Structures are given as C-alpha cells and as structure tokens.
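Read-outs throughout are calculated quantities, based only on the coordinates presented, and are distinct from any laboratory measurement. As the structure is a prediction and not an experimental result, all values here were calculated from the model. Cβ placement follows ideal geometry from the backbone for every residue including glycine, while neighbour counts extend to all protein chains displayed.
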Amino acid sequence: MLELKNISFGVNEDGQEKEIIRDISLTIPDGKLVVITGPNGGGKSTLARLIAGIETPDSGQIFYRGKDITEMSITDRARMGIGFAFQQPVRFKGLQVLDLIRLATGKNLSAADACTYLSRVGLCARDYIDREVNSSLSGGELKRIEIATVLAKAPALAVFDEPEAGIDLWSFQNLIEVFESMRKEIKDSSILIISHQERILNIADDVIVLRDGRLVKHGAKEEILPELIGTPSMVKECQKFGADKGGNC
C-alpha cells in the first residue's frame, strides 16, 4: 500500500515560490490499477515524480508498505519494488536494448528471453534487440522499450507518466492490452498511470482527479467517470475541472 500524508511541493520561479502540490493525502491499496487525471498543469506528473523519488516533498510524508520512504532516493525505492516510466524516456548512447532489459531484470537474460518483453509492447524483437538506445529511435519506440523494461522488472508498484505520449494509434491500443494484461497479473501489486485518455480511464479500478495541485476527487471508476465523460464531449467535462479555454486536459 502506498500512502501520502499532507504532501506539498513547490518551486522557485523568478524569485517567487510557486506551489505545485498542495497538501495532498491519499492511499493507493495493493492490487489496484489507479489512474491520476486532470487538467494540464494540475500537478499530475509532479506527484508521480514525488512518488518515484525524483523529487522530494517540501512537507508531508510518503509511506510504502508501512515504511517511510519520504527521503529515500529513486534507486532505493526501485530496490523496494517501485518502478517508474518517464513521460519522455531517457536515451542511453552506447547501450543496447538487450542491455537495458537485462539491467531491468538484474539477470543475464538470453536474447530470446529479452525479446518476449519487446513483443508484449508490439515491437518486432529481432529489429530492436541489438539497437542502441539513442537518437536513432523515435519517441514512440523509446516509450515502448521503456514500458518493456518496466514489464521485465515486474515492480510491486509500477508508475507510468502519460504512457500514451508520442505513440501512434495502433501502439496505443496495444498499450491498453498491456495494461489489461498487467492488471490480471498484478495480484498484490499496483499500477499507477498518469493519463487523461478515456480508454485508459476505462480500465482503471480507481480514479484520482487533480486540479491546481489539489486532490479534487478520488474514488472508484464507476463513481468518478460519469462526472468526467458523462456528456457527449469530454472537453466540457475537462473544463469542469479547470481545463484551459481550448479544452486541453
């Protein structure tokens, strides 16, 4: 179980303090697929980075399975079983895809074993296993490779920051299938996804809505979704939660 207690976080912009996360408290139980959604600039990605240990809160505490991890590094959290997939995956010049998957598992996997993870995210394994993780790969390819490494690591808590960003429609459908498969396999583990895509929201157990760095709603999908997408246009529902005038969520 992941528990956040009164978490706040801010940054200094042009000499002024700007609060990004405002006194958030929530609990994410084991065995759940939870989606955090809300308008752009609402603090979704920042909250994910706080959970992963990339950022440290200014105040409040984060507990994972009963242990205070507030001051723990991303490496220590990874050792505890918390996995994180970036919105913009990191490129590693000189490192091959096979090396990356082996690092994720901590095992000297054969190429054939490593290829099973690439196949799960819709990549033709023989075309990618020996590729270097550099600028020759598109953003969508990097995204899917990173998701493959998360699958290989099999973390107890997997955090995905806007996994749909930069991928094509076919890959997006494949991504939904990956999450649905993970959901069946997770048992006592959890999946946390940052997204405003309706199809990802539809496979969630619970939905969390953030606006202006505050927790607006948190509950079962059946309770929250009708308020978000119950009208013909999801744009109008996004505007309820503070989207901009263009309806961007």
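Remark: the range 2-240 carries a charge dipole of roughly 420 debye about the Cα centre, counting +1 on each Lys and Arg Cβ and -1 on each Asp and Glu Cβ. Within the same chain, aspartates and glutamates fewer than 8 places from Lys143 are excluded, and of the rest, those with a Cα less than 13 Å from its Cα are Asp161, Glu162, Glu164, Asp168. Positive-end ranking of Leu4, Ile191, Met72 along the dipole of the chain, with charges on Cβ about the Cα centre, is headed by Ile191. Subtracting the Cα-Cα distance of Thr116 and Ser73 from their residue separation scaled by 0.36 nm leaves 12.5 nm. Placing pseudo-labels 7 Å out from each Cα toward the beta carbon at Asp212 and Asp168 gives an inter-label distance of 4.2 nm.
Most tightly packed first, judged by the mean number of other beta-carbon atoms within 10 Å of their residues, the peptides 92-100, 14-22 read 92-100, 14-22.
Annotation: the antiparallel percentage among DSSP beta bridges lying fully within the range 91-230 is about 60. Considering only Leu157, Pro29, Tyr117, the residue lying farthest towards the positive end of the dipole of the chain is Tyr117, judged by Cα position with unit charges set on Cβ. Over the residues of the chain, the helix contribution to mean residue ellipticity at 222 nm works out to -10500 deg cm²/dmol, using -39500 (n - 2.57) for each DSSP H run of at least 4. Give the aspartates and glutamates reachable from Lys32 as a straight Cα distance under 15 Å; neighbours fewer than 8 places away on the same chain don't count. Partners within reach: Glu3, Glu180, Glu185, Asp188, Asp205, Asp206, Glu222.
For the range 2-240, DSSP calls about 60 percent of its internal beta bridges antiparallel. Please compute the contact order of the range 2-240 in relative form: average sequence separation of alpha-carbon pairs under 8 Å and at least six residues apart, divided by the residue count, as a percent. That works out to 27 percent.
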